[in-house]
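Since the structure comes first, as structure tokens, the remarks are kept for the end.
The values are calculated or read from the model by the stated rules, or taken from the named source; none is laboratory data. A quick note: this is a predicted structure, and the numbers were derived from the prediction, not measured. With ideal geometry, Cβ positions are generated from the backbone for all residues, glycine too; neighbour counts draw on all protein chains shown.
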Amino acid sequence: MNTKEFNKALTVTSPPHLKNPETTHTLMFDVLIALIPASAWGVYTFGFRALVLILLSMAASVAFEAAYQFFMNIPVTVKDGSALVTGLLLALCLPVSVPLWLPVVGDFFAIIVVKQIFGGIGKNIVNPAIAARVFLFLAWPDHLSRFTSPGASLPLFANVPFPDTVASATPLAALKTGDMPADDLFDIVLGNVGGTIGEVSSVMLIIGGIYLLVRKTVRWQIPVSYIGTVALLSFVFPRMEYTFNFVALELFSGGLLLGAIFMATDYVTSPVTRSGRLIYGAGCGIITVVIRFFGNYPEGVSFAIMIMNLLVWYIDMFTRPKRFGGVEKNAGK
Amino acid sequence: MKRYSFKGGVHPPQNKNTAGLPVVDMPLPEKVYIPLSMHIGAPCEPLVKVGDSVFKGQIIGDVKSGLGAPVHATVSGKVEAIKVSTNAAGQNTGYIVIQNDFEERLSPDITPSDKAPEEYTIDDVVSAVRKAGIAGMGGATFPTYAKLQSAYGKIKYLIVNCAECEPYITVNHRLMLEHPERIVNGLMLLMKVFGLSRGYIAVEDNKLDAAEALESAIEDPDLIDVCVMETKYPQGDERQIIYALTGRELTSGHLPFEVKCLVLNAETVAAIYNAVIYGMPLIERYVTVDGDCVAEPKNLNVRLGTPISELIDYCGGLTSEPHKIICGGPMMGIAQWDINAPVIKGTSSVIVFSKNKRKRFSFNPSCIHCGRCVGHCPMHLMPNYLYAFAKDGQLDRCVEFDIMGCVECGSCSYDCPADVPIVQTIRAAKGKINEEQRARKAALNKTFVVPEKEDESKKEGRRVEH
């Protein structure tokens, strides 16, 4: 064998020479798969218009990412699927009655302002979908607080805000005014209530969450500590007398499950240590409950997650693992 | 049964394909290439000249002073050349090339010891081990005599490392199955010399048959404890074994005897036994040859200095174009640039990967902050931040985040979904930091003439030297 020729074929790299086949791409598609049940339920409940909003939002965020990277002459990374996740999550936290241009504006804000300007995937300091939802909520509050009843199939093009459709009070809005919601708890858990496209069905969100936990895409610490904190605070400080029912309502209505399972767990904007994740989840839970109980808004999930996103570096530093070792400690034994 | 383990680590596919294949003696090579440095410490000076006739087992190179281990002729024959060439790590090393005469003339210096087993003292063992040129055969190649000497009188736990946590490698597994008595006898000998009443053998639970073989070779089960450990990488790291068995944490930069432990590789223990009892130097070792483009993977008993191309040929050659040849395990082994690189004391395996085993590297890796590296780091560091600081050139922050505590096991890079070259970047930064420290020290010495203070480690080093 010709050694010289042979050696040319050899690659020399620094070890390790093995790599787990999982990539950012597969993790993002796991999240997309986990969101299928909730999205499907949203389409089933709110009709064809919900499907159009979802697809439009996903397409728009991919297009914005590709366009930005193309014009900035940097590698186009839409293949990693993170833009698809952002687009889908944003659509899922909008009501079905929003005008069709609204998610596109939101995607622009999420992808260009929050994600790409900060340096692209991994560099953003707040979750793009959450930030875009907060932005839309502050810019067009009436669009984002008008919820339609389940089953009321809206026309695709019409004069928004659909004067002739039935407006529905969400369970959380009812709680805000101090009433028990008119809906049955069973309907709330199943998702037969008013709300945004993706948040209504707790069952579907939990199915997605179990998938992510089984695949180990998401670790249990953040969802458990987030939901647990909300449950504990609602149980200890109930806003009304029906304690058990009330706790269940706090957990299963509004955006808590969508936020706790899919948004607070976004890798980029959550802590890297296990104990840090517990603290982060608990912080999200406390802020959510404080906003729901004392704030002006009926819902506080997106604000809570955004605030905790900004504290991730400090949580990481606070929970920095203790270095392996300590000869001094054991020397005497 | 209790499984000993540690916190962190990863589970790469084990691929122990050769575990069922007995070790076969490889035919002797035409020529052997003996590097003058196959251990940590000073390189050897050649003791022979071109044209000299050498015996098998004759010392042909030795270090004059300082840490090191002599090298031996591994076949009998004639010294053909003494040349300087580049080794796998890119450093220039001397090589002694010996043309084999296939007569297998054994060096007359090699004589079995006439002492009874109880009579050995630490000095006998240390001098025999030094003379035999034994260096850590798990891959670290630290001269074993120095390890034994510095640990004498200070240890409570004597541990034989049979964990073999690297994928593909099965040489320790085969040694335990085929010659468990070599490990047990070696351990018993060392226990007597060190005055210990108990020894430990650490085996991962993917080799339970080997653990059984060891247990049946142990005459008195009160003396030797076979500890079964969870199969996990890097279980075979000295620090993780010590932690798993004793609960003591050893920081990097410190030596095991500081926590009263001594950890030796299985093959090293067998070699110590051979050296002390039979006077036999380290001239051959077991090597696993495997990888997806090796025609017939095998476990071989190979003379040191044999070119790895001959090992591959003996295993039926390659079935497809190779992409990487790795000496040592795929997690920490060194990728070779020359197919004619020789087998050295630390070469536990030769692994040939084809292009379809190629590790994907993205050109624009971006950390997504998933935290897997933090969870996996056996040294409990935060590799993601170390990478970020190192890439940004913030070496002082790297030091603040304990970059020097990294043992470079590669668990972080293995499981990184974003394909970030974490450990590679950390390794480079560690090199830079060491360089800077040396430069600073040199500059300081130039400015002020300060009598150098002797710290503990230096004293230790000197004691080892004599």
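B:Thr170 - would you say it is buried (at least 18 other Cβ atoms within 10 Å of the Cβ) and either modelled with pLDDT of 90 or more or small (Gly, Ala, Ser) (or both)?
So B:Thr170 fits the description; yes.
Taking the condition among the β-branched types (Val, Ile, Thr), modelled with pLDDT under 95 and over 18 Å from A:Val78 (Cβ atoms), does A:Ile121 pass?
No.
Go over the candidates B:Gly371, B:Gly410, B:Gly405 one by one and state the one that is crowded, with 24+ Cβ neighbours inside 10 Å, in contact with a Phe, Trp or Tyr (Cβ under 9 Å, 6 or more places away or on another chain), at the interface with another protein chain (Cβ under 8 Å from one of its Cβ atoms) and small (Gly, Ala, Ser).
B:Gly410
Within the group A:Thr24, A:Thr11, A:Thr3, which residue is within 10 Å of chain B (Cβ to nearest Cβ) and in contact with a strand residue (DSSP E or B) (Cβ under 7 Å, 6 or more places away or on another chain)?
A:Thr11
Keeping to the stretch B:378-408, report how many residues are assigned to a loop (DSSP other than H, G, I, E, B), under 20 Å from B:Pro365 (Cα atoms) and not acidic (Asp, Glu).
Of the residues in that region, 3 qualify.
Would it be correct to say that A:Thr86 is under 28 Å from A:Tyr211 (Cβ atoms) and modelled with pLDDT under 95?
In short, no.
Take the residues in the stretch B:292-324 that are in contact with a Cys (Cβ under 9 Å, 6 or more places away or on another chain) and among the aliphatic types (A, V, I, L, M), then tell me which one is nearest to the other protein chains (Cβ to nearest Cβ).
Ranking the qualifying residues of the stretch B:292-324, first place goes to B:Leu318.
Counting only residues that are in a loop (DSSP other than H, G, I, E, B) and small (Gly, Ala, Ser), how many does the stretch B:49-99 have?
Counting residues in the stretch B:49-99 that are in a loop (DSSP other than H, G, I, E, B) and small (Gly, Ala, Ser) gives 11.
Please give the helices (runs of 4 or more DSSP H) falling wholly within the stretch A:1-115 in which 1 or more residues are surrounded by fewer than 17 Cβ atoms within 10 Å (Cβ to Cβ).
Fully inside the stretch A:1-115 and qualifying: A:3-8, A:24-46, A:48-71, A:101-108.
When you scan the stretch A:265-276, do you find a residue that is in a helix (DSSP H, G or I), more than 14 Å from chain B (Cβ to nearest Cβ) and crowded, with 16+ Cβ neighbours inside 10 Å, even just one?
Checking the stretch A:265-276: not a single residue is in a helix (DSSP H, G or I), more than 14 Å from chain B (Cβ to nearest Cβ) and crowded, with 16+ Cβ neighbours inside 10 Å.
Could you please give the count of residues in the stretch B:243-291 that are at the interface with chain A (Cβ under 10 Å from one of its Cβ atoms), in contact (Cβ under 8 Å) with a residue 40 or more places away in the chain and of a type in the set (Val, Ile, Thr)?
2
Taking the residues in the stretch B:413-427 that are more than 8 Å from every other protein chain (Cβ to nearest Cβ) and over 18 Å from A:Thr23 (Cβ atoms) as candidates, determine which candidate is nearest to the chain's Cα centre (by Cα).
Within the stretch B:413-427, the match that is nearest to the chain's Cα centre (by Cα) is B:Ile426.
When you scan the stretch A:117-124, do you find a residue that is within 14 Å of chain B (Cβ to nearest Cβ), touching a Ser or Thr at 6+ places or on another chain (Cβ under 6 Å) and outside any loop (DSSP other than H, G, I, E, B), even just one?
Among the residues of the stretch A:117-124, not one is within 14 Å of chain B (Cβ to nearest Cβ), touching a Ser or Thr at 6+ places or on another chain (Cβ under 6 Å) and outside any loop (DSSP other than H, G, I, E, B), which makes the answer no.
How about the stretch B:325-349: which of its residues are at the interface with chain A (Cβ under 8 Å from one of its Cβ atoms) and hydrophobic (A, V, I, L, M, F, W, C)?
Within the stretch B:325-349, B:Ile325, B:Ile326, B:Met331, B:Met332, B:Ile334, B:Ala335, B:Trp337, B:Ile339 qualify.
In the stretch B:117-146, which residues are among the hydrophobic types (A, V, I, L, M, F, W, C) and touching a Gly at 6+ places or on another chain (Cβ under 6 Å)?
Within the stretch B:117-146, just B:Phe142 meets the criteria.
Residue by residue through the stretch B:32-45, note down the ones that are out of contact with any Phe, Trp or Tyr (no Cβ under 9 Å at 6 or more places or on another chain) and either surrounded by fewer than 19 Cβ atoms within 10 Å (Cβ to Cβ) or β-branched (Val, Ile, Thr) (or both).
B:Val32, B:Ala42, B:Pro43, B:Glu45 - these are the residues of the stretch B:32-45 that are out of contact with any Phe, Trp or Tyr (no Cβ under 9 Å at 6 or more places or on another chain) and either surrounded by fewer than 19 Cβ atoms within 10 Å (Cβ to Cβ) or β-branched (Val, Ile, Thr) (or both).
Here is a yes/no grid of residues against (1) assigned by TED's automatic domain parsing to the domain that holds B:Pro421; (2) surrounded by 22 or more Cβ atoms within 10 Å (Cβ to Cβ); (3) of a type outside the set (Val, Ile, Thr); (4) in a helix (DSSP H, G or I):
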{"position": "B:Val263", "(1), (2), (3), (4)": "no, yes, no, no"}
{"position": "B:Thr268", "(1), (2), (3), (4)": "no, yes, no, yes"}
{"position": "B:Ile272", "(1), (2), (3), (4)": "no, yes, no, yes"}
{"position": "B:Glu296", "(1), (2), (3), (4)": "no, no, yes, no"}
{"position": "B:Asn299", "(1), (2), (3), (4)": "no, yes, yes, no"}
{"position": "B:Ile312", "(1), (2), (3), (4)": "no, yes, no, yes"}
{"position": "B:Lys324", "(1), (2), (3), (4)": "no, yes, yes, no"}
{"position": "B:Pro330", "(1), (2), (3), (4)": "no, yes, yes, no"}
{"position": "B:Ala335", "(1), (2), (3), (4)": "no, no, yes, no"}
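Restricting the search to the stretch B:412-446, which residues are β-branched (Val, Ile, Thr) and either outside any helix (DSSP H, G or I) or at pLDDT below 70 (or both)?
Matches in the stretch B:412-446: B:Val420 only.
For B:Gly77, all conditions in the list (1) over 19 Å from B:Met280 (Cα atoms); (2) over 23 Å from the mean Cα position of the chain (by Cα) hold save one; what is the number of the exception?
Tallying (1) over 19 Å from B:Met280 (Cα atoms); (2) over 23 Å from the mean Cα position of the chain (by Cα), B:Gly77 fails exactly one: (1).
Quick check: is even one residue across the stretch A:27-37 touching a Pro at 6+ places or on another chain (Cβ under 8 Å) and within 25 Å of A:Arg215 (Cβ to Cβ)?
yes
Consider the stretch B:145-186. How many of its residues are out of contact with any Ser or Thr (no Cβ under 7 Å at 6 or more places or on another chain) and either outside the structural domain of B:Lys207 (by TED's automatic domain parsing) or among the aromatic types (Phe, Trp, Tyr) (or both)?
Result for the stretch B:145-186: 2.
Name the single residue, out of those in the stretch A:175-202 being in contact (Cβ under 8 Å) with a residue 24 or more places away in the chain and part of a helix (DSSP H, G or I), that is surrounded by the most Cβ atoms within 10 Å (Cβ to Cβ).
Here the answer is A:Ile188.
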